[in-house]
1. What Kirkwood hydrodynamic radius do you get for the stretch 177-220 when you take the inverse of the mean 1/r over all pairs of distinct Cα atoms, in Å?
2. Would you work out the relative contact order for the stretch 14-232, in percent, from Cα pairs under 8 angstrom that are 6 or more residues apart?
3. Quickly estimate the mean residue ellipticity at 222 nm for the chain, helices only: each DSSP H run with n ≥ 4 gives -39500 (n - 2.57), and the total goes over all residues, rounded to 500.
4. First check a/c for the stretch 284-351, with a ≥ b ≥ c the square roots of the eigenvalues of its C-alpha gyration tensor; if it is under 1.5, answer rounded, and if not, answer prolate when a/b is larger than b/c or oblate otherwise.
5. Looking only at the chain, where both bridge partners belong to it, what percent of the DSSP beta bridges are antiparallel (to the nearest 5)?
6. Assuming 0.36 nm per residue, please report the length gained on full extension of the stretch residue 218 to residue 317 beyond their Cα-Cα distance.
7. Order by neighbour count: 47, 188, fewest other Cβ atoms within 10 Å first, most last.
8. Under the Kirkwood approximation for Rh and a Cα-based Rg, what ratio Rg/Rh is obtained for the stretch 242-321?
């Protein structure tokens, strides 16, 4: 296993944001969200996802557009129940490709002078195959051969997106590739339902899952030594040992879900040099005052530090604070407030003083 890259930042975003942040009148302007993210998270801005645009702007549709650049074998279209495999890409995937182009163009304009690490996101193969249906309407996850093909496709698609980012924003140093696997625990425990709802899809062999994720991590890293691979899941610690063992450079977790028994897994990830991407603001916090959100976020991080018995300086250099999940369902004002609060809490954890008046109720 090659040496891990710890792309450090006090805070960053998960990816998705509400459409209203980018809407001027009736026109969606992706440059606006790119500017906001660059301003709020100057140490580690990220590629914005705006699911509110419609089908194709969601995590699965965006990744379908990326996979379409690799092979026509990954063609999907929308049906009443969601996404389904087909012989040629549907109109929603074509629209997703145009949105992706627009978002990269926005980055090229807004981040033209940016220098530092930058994060892009892709749906992981297990979640993508859990959501996408085969032609019979069942989760494509049941076809291990197809899952394996998707693994290879996502690895190739990620390489293309990394190269694209480096062309458009040439001063980017490290590229963080975040693999989003919110369905990982559901897949591994055999909790994915069949179309009828009466059965369950047998979970893939754990050795296959490890091999699939290792293939993605090592393949992308071999193509670009300046890539840091993160595994994101809106869960506690169940996925952390897996992320550690297959070579991810960083792993996220929802700190509010961590149990005392999980501390050893988090500590092992830290000892292995992984970036701990801590989800410290949950949806229930969105309605709090900004001062309260900062206090809650900082408190969760500090309690974990105490449980790990890590010196403050060592802890702050290893952690990046985020929301526990994407902010697409938040109001534009709440999403902006949460981002500001996470950045403020990250600065506080890093030992920087929050200026008087920086947080307003």
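1. On the way: mean 1/r = 0.0850 Å⁻¹.
Over the stretch 177-220, the inverse of the mean reciprocal pair distance is 11.8 Å.
2. Working: 360 pairs, mean separation 40.9, N = 219.
Reported relative contact order: 19 percent.
3. Working: 12 runs with 156 residues, N = 361.
My calculation for the chain gives -13500 deg cm²/dmol from helical runs alone.
4. Working: a/c = 2.30, a/b = 2.22, b/c = 1.04.
Since a/c reaches 1.5 and a/b is larger than b/c, the shape of the stretch 284-351 is classed as prolate.
5. Numbers: 8 of 37 bridges.
Percentage antiparallel, nearest 5: 20.
6. On the way: separation 99, 0.36 × 99 = 35.64 nm, distance 2.45 nm.
Here the answer is 33.2 nm.
7. Details: 47 23, 188 18.
Ordered by Cβ neighbours within 10 Å, fewest first: 188, 47.
8. Numbers: Rg = 12.8 Å, Rh = 13.1 Å.
Across the stretch 242-321, the Cα-based Rg/Rh ratio is 0.98.
Bear in mind these aren't lab numbers, they're just calculated from the coordinates by the rules spelled out. Bear in mind that the values here come from a model prediction, so they are computed numbers and not experimental data. Note: ideal-geometry Cβ built from the backbone for every residue, glycine included; neighbour counts use all protein chains shown.
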